Every structure is written in C-alpha cells, then in structure tokens.
Protein chains: 2
Amino acid sequence: VGATNGHAIGIDLGGTKILAGVVTREGEILRRHERPTPIDSQAGLLEAVEVAVTELLDDSVSAIGFGIPAPIDQKRGRVFLATNIPLTDFDLRDRMRERFGVAIGLDNDANAATIAEWRAGAARGATDVVMLTLGTGVGGGVIANGAPFRGGGGAGVELGHVVLIADGPPCQGTCTGRGHLEALASGHAATLAAQAAFGPDVDAHELVRLADAGDAQAQEILQRIGALLGSGLASFANIFNPQLLVIGGGFGVAAWDHLIPAADRVLRRDALIPARNEVKVVPAELGTAAGLIGAAFVAYEALDAAL
Amino acid sequence: VGATNGHAIGIDLGGTKILAGVVTREGEILRRHERPTPIDSQAGLLEAVEVAVTELLDDSVSAIGFGIPAPIDQKRGRVFLATNIPLTDFDLRDRMRERFGVAIGLDNDANAATIAEWRAGAARGATDVVMLTLGTGVGGGVIANGAPFRGGGGAGVELGHVVLIADGPPCQGTCTGRGHLEALASGHAATLAAQAAFGPDVDAHELVRLADAGDAQAQEILQRIGALLGSGLASFANIFNPQLLVIGGGFGVAAWDHLIPAADRVLRRDALIPARNEVKVVPAELGTAAGLIGAAFVAYEALDAAL
C-alpha cells in the first residue's frame, strides 16, 4: 500500500480516556480502540498510547495523529504545558516516529475536533469556521481561508482563554488568567452557578436536566451563560468573519436549547457587519468521535507535507 | 518601466485627511500629497481621491492601494459599511481600475498600518504580529505565518471590536456592540474618563499632559485603561501566539509610558504559556505615515497577485 492511499490512526489523548481509531481520508472510522488514560507517570501514559497504536496498526497505516489537550510546539513536536496529562517537555513526535516509522502529526485537541467537523461534519464545504468545544473547559479551533489556522509556531488558537470580563473570575489549573471564556461559559462555570443556586450536589448535568424539566431558575442560569457565550462568539466573528460558528462539547450540545437563543441575540448585537447579518451558529455533528477523526486528519496533513 | 519594478501609490483615506504618497517596495516615500477629506458626498470624496492620485501619478506607477477605515469586501472590492466616509456599497476597486488602468488593492486602514510596520517598521523580520492602533477608535491587524491575515472574505480582523467586558459600555457610531475594546481602551474612552474626573474641557490629549506632569489622578485613569488594554492584548496573544504586539495610533504612542507598564502586568497574568513568557510589546515606528506606506504594500500585493 503506497503512502498516499494508506490509512491514518487518530488518537484523542484525553485526561480520562484514550480514544483511538483507524480513519479513512473521508473521515470514516474503520476500527476503534479505547482505554483509560494513565495519568500517574509519563512512562505509563506512553505505554498505553503505544499499546493503543499497536492494537490498530497494520500495513495499511501510513500516519498517526494525536489530539492533545494542550498548546503544541509544532516546531519541536511536543506540548508546551499539559494540565491533565503528564507530557510536558517531551519529544512526542520524535518518539512516535522512531517507534512506529510512519508520519506523525500533533495538534491541540480542539483544533483536531474543528478539522474533523470541517472535513466530515457540521462545517463541510465552509472555508471559514470557528468552533468552540464547551465541556468542563472550553477549547476552540479555526479554519481560515480553507485551511486549519494555528497562529504563531502552531501554538494557537486558545479561544477558551480569550478575556470576556476583564479582571473577572479565575480559570482552573495552571492558567493564571481572569475572566476568560472558560471561566464564564463552560460546564465548570455552569456547575459553580448551579451549586450557588441549588446546593453542593447539583452539577452542570443536573442543571441542564432541571432546565429541560422547566425549572425557571435553572433556565435563567443557562441563559445568562448563553449571553456571555454570545459575546465571545461576537469577538470571534469580528476577528475571523467566519461563515459558521460551530458549538460542540458535552455541555454545549446538552445545553444547546437553553444557551443558544440567548447567545444568538447577544452575538447579533456585539458583532459587526457583515458577520452580524451573515454568520450562522450550528451544533457539532460528530460527537465524541470528533477528536480521533480530527487527529487522523492531522496525521494525513503530516503525511502529505512529508511527501 | 515593467510592472514588477514600478512604484505604488498608497492612499490613507481617513475621515479627516487623505494622505497619499508614491512608495517603493522597501517602504520609502518618494513623493507625498495631502488634502482634507470631503465627507459630504461620495462624488466629492471620489473627486478628491482622483485629484490626489493624479498629482502623484507618472509612468513609474504600476499599482494603487487604499487603506480605508471600514471592513472590506475583498471579493467585490468595496467597503461593507464605512462610518466616517461616504463610500458604503460602492465598487471602489472597479472604479479606480477603470479610471487609472493599474492594479488596485483595498484594505482596512489598520491592516494596512500593520503591514507597513511588519515590512518597514517595528515588526520587521517577525512572522507573527498583532498590532493595535489606539486613536479615537481602535483598529487592529494581524500578520500570521509570515503573511497578512484578514479572515473570511478579507473582512477581518476587527480587533477593536473584541468584547473585553461582556455587556459593558457601548461603542460609538454604527456599532451596536457593548464592552468592546474600542469602548474601553481608546482615546475616546480616555476623553470620557478625563471629563468625568476633570470636567468637560479635558480630553485625552490633556489627560496625557496632566499625567506626564505628575498628576496622580490622571496617571491612575491611564493605568486603569492600560490594565484593560492588557487583557485585550492577552486575548490576542492566546489566539495568535505572536512574537510581537505592536502599539500604534496617536493615543497609544502619546500615552505609552502610562498605559504599557499596567498593560504588560495584566498581559502576563492573562496570557497562557508560551506567549506569557515570550511575547513582546513594542511601539509602532512609522507614525502617521504607516497608513499610506501600508496601502502601498497592499497595492504591491494586488500587483503581484495579478501577474
């Protein structure tokens, strides 16, 4: 099998699970593998990754791609600072290339999910796309002028860490920033607001369930988060002028009905012409598979660049 | 004279003045022309533009570029919605091409200034740059991966209209948004804060003069604006991961000493690794000539694309 018509393995290296699959150039998953992510040591994590690859590897595989929850140093092929997994300052690309002898691509997990939705999901056919993945945290990706956009050194785009309320509430983890989108319009932010309103046992999932069941206070909390999300979407519309704003992630999809009407109203107020009239907000289509499918597209990108 | 070694005319089409010049590919201004901008009618504006061009035009000129204070529809060669000049929904590129028979480039004025600083000013040699022009309003431009970045349809980047305080104070003019950078960290915002503190006769210029003379209240107002600016700079650092953040514009340059120490502190707090440690904030170098020099570079870009 020649390099250009081989398949790629995509690996979504999450803080909880390693989701891996053999994926065609059309984004079809041929085989899958899933295992828990060992987070106690780098050696344990690498072993699990290599077992996942080995389970899927055959002669048809020409490239392997990784989606990683961290900013990526594309020049050196490593992560800058991983919060949820023990991989900081490790030459992942070199190690995987030596180990498996195929083209290796690395990308931020939200960039990978965005590429997947663009090539095989909700944003097929668009040339300019901004996607936000609203989970516990917030990731983001950009397609600009028909290609993935990653900013300087490939370390962007960290759309979850755009300031939405200057000097506002702090982020979690290693981020020292205040008032970032992630601190205001994430599943984590929803959990904090739910606990303030309903007590310590209520999290974002339960908040959405209450809102779905008609609880006015729960609906109002989610609408308030939606309005903040709308201001963030307007910022991205004014910067990138995309055709589509794609909303994915577990919290984003589950709370869609409560978040998006409020978000859309504020988006139309805070965005400039032409985006104000033209940009569309759409839900992601690929669900939890977006990360591994996108990682495979990143693998194909590395393969094609190497040829 | 062949097309590739001809010169370009750059025209900075401001709300007050038309600044025009013949500019070399190195960014050197050979001849200049300046006249007031007629803003009463489109016909009067076009006549003034054509007189400015005619004053400068000779056989060495192969292209003309315009920097315009509005989002540009690059596909159709017109402005989407101009606030300060009567040019909305007019086919400027076609008209100028017919009139003068040379390659025509259009761009947003802040994009043009950014290109000028990148090719011939403070950001020479950098591959990834974000520039803000802090005047009465706020413009912005981006160089990404060694090329001007304009977003979908060429209508970006409107960095002055990124939300910095969700649901915050309104913009001026046709923008319906709230809490945009332009409403919080511009010369206009400084004038409003100065008038609240010192009375109706004090504007941004006088505020800076007071701060320079040691007035603690004036210094504090500018530091507060600087802190807001720092949050905005952090957003752009997290999105684009640039090597340089360039600050230009009349207010930005005049108030530099008061704004930037506060901005830099907040920038380092709100930005992620790697930008947090690596990005530099530098002043623009080309002053009021940046717009016309950049417009000439946009002309060369149009010329080279047409060959």
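A few notes on this one:
- Residue check: B:ASP107 meets all listed conditions (1) free of Cβ contacts under 8 Å to residues at least 24 places away in the same chain; (2) open to solvent by less than 40 Å² (accessible area, probe 1.4 Å); (3) of a type in the set (D, E, K, R) but one, namely (1).
- Flag if A:GLY152 is facing another protein chain (nearest Cβ under 8 Å), among the small types (Gly, Ala, Ser), open to solvent by less than 40 Å² (accessible area, probe 1.4 Å) and under 29 Å from B:GLY146 (Cβ atoms): yes
Listed here are the residues, each with its yes/no results for (1) part of a strand (DSSP E or B); (2) modelled with pLDDT of 95 or more; (3) at positive phi.
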{"position": "B:LEU81", "(1), (2), (3)": "no, no, no"}
{"position": "B:MET96", "(1), (2), (3)": "no, yes, no"}
{"position": "B:ALA116", "(1), (2), (3)": "no, yes, no"}
{"position": "B:THR127", "(1), (2), (3)": "no, yes, no"}
{"position": "B:LEU132", "(1), (2), (3)": "yes, yes, no"}
{"position": "B:THR136", "(1), (2), (3)": "no, no, no"}
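- Selection within segment A:270-297 - within 14 Å of chain B (Cβ to nearest Cβ), open to solvent by 60 Å² or more (accessible area, probe 1.4 Å) and either in contact (Cβ under 8 Å) with a residue 60 or more places away in the chain or basic (Lys, Arg) (or both): A:LYS280
- Of the criteria (1) open to solvent by 20 Å² or more (accessible area, probe 1.4 Å); (2) within 14 Å of chain B (Cβ to nearest Cβ), which one A:ALA213 fails: (2)
- Any hit, segment A:188-202, residues being in a loop (DSSP other than H, G, I, E, B), within 14 Å of another protein chain (Cβ to nearest Cβ), more than 22 Å from B:VAL157 (Cα to Cα) and open to solvent by less than 20 Å² (accessible area, probe 1.4 Å): no
- Set B:ALA48, B:ALA52, B:ALA20: member being open to solvent by less than 20 Å² (accessible area, probe 1.4 Å) and assigned to a strand (DSSP E or B): B:ALA20
- Within segment B:270-296, the set of residues being in contact with a Gly (Cβ under 6 Å, 6 or more places away or on another chain), in a helix (DSSP H, G or I) and not small (Gly, Ala, Ser) comprises B:ASP270, B:LEU292, B:ILE293.
- Failed item in (1) more than 14 Å from chain A (Cβ to nearest Cβ); (2) over 15 Å from B:LEU134 (Cα atoms); (3) in contact with a strand residue (DSSP E or B) (Cβ under 8 Å, 6 or more places away or on another chain), with B:ILE165 passing the rest: (1)
- Selection within segment A:223-266 - open to solvent by less than 10 Å² (accessible area, probe 1.4 Å), touching a residue at least 12 places away in the same chain (Cβ under 8 Å) and facing chain B (nearest Cβ under 10 Å): A:LEU229, A:GLY230, A:SER231, A:GLY232, A:LEU233, A:ALA234, A:SER235, A:PHE236, A:ALA237, A:ASN238, A:PHE240, A:PRO242
The values are calculated or read from the model by the stated rules, or taken from the named source; none is laboratory data. The model shown is predicted, which means the values in this text are computed figures rather than measured ones. Here the Cβ is made from the backbone with ideal geometry for all residues, glycine too, and neighbour counts use every protein chain on show. Note: accessible area is taken over every heavy atom of the protein model, side chains too, but ligands, DNA and RNA are not part of it. Shrake-Rupley method; radii C 1.70, N 1.55, O 1.52, S 1.80 Å.
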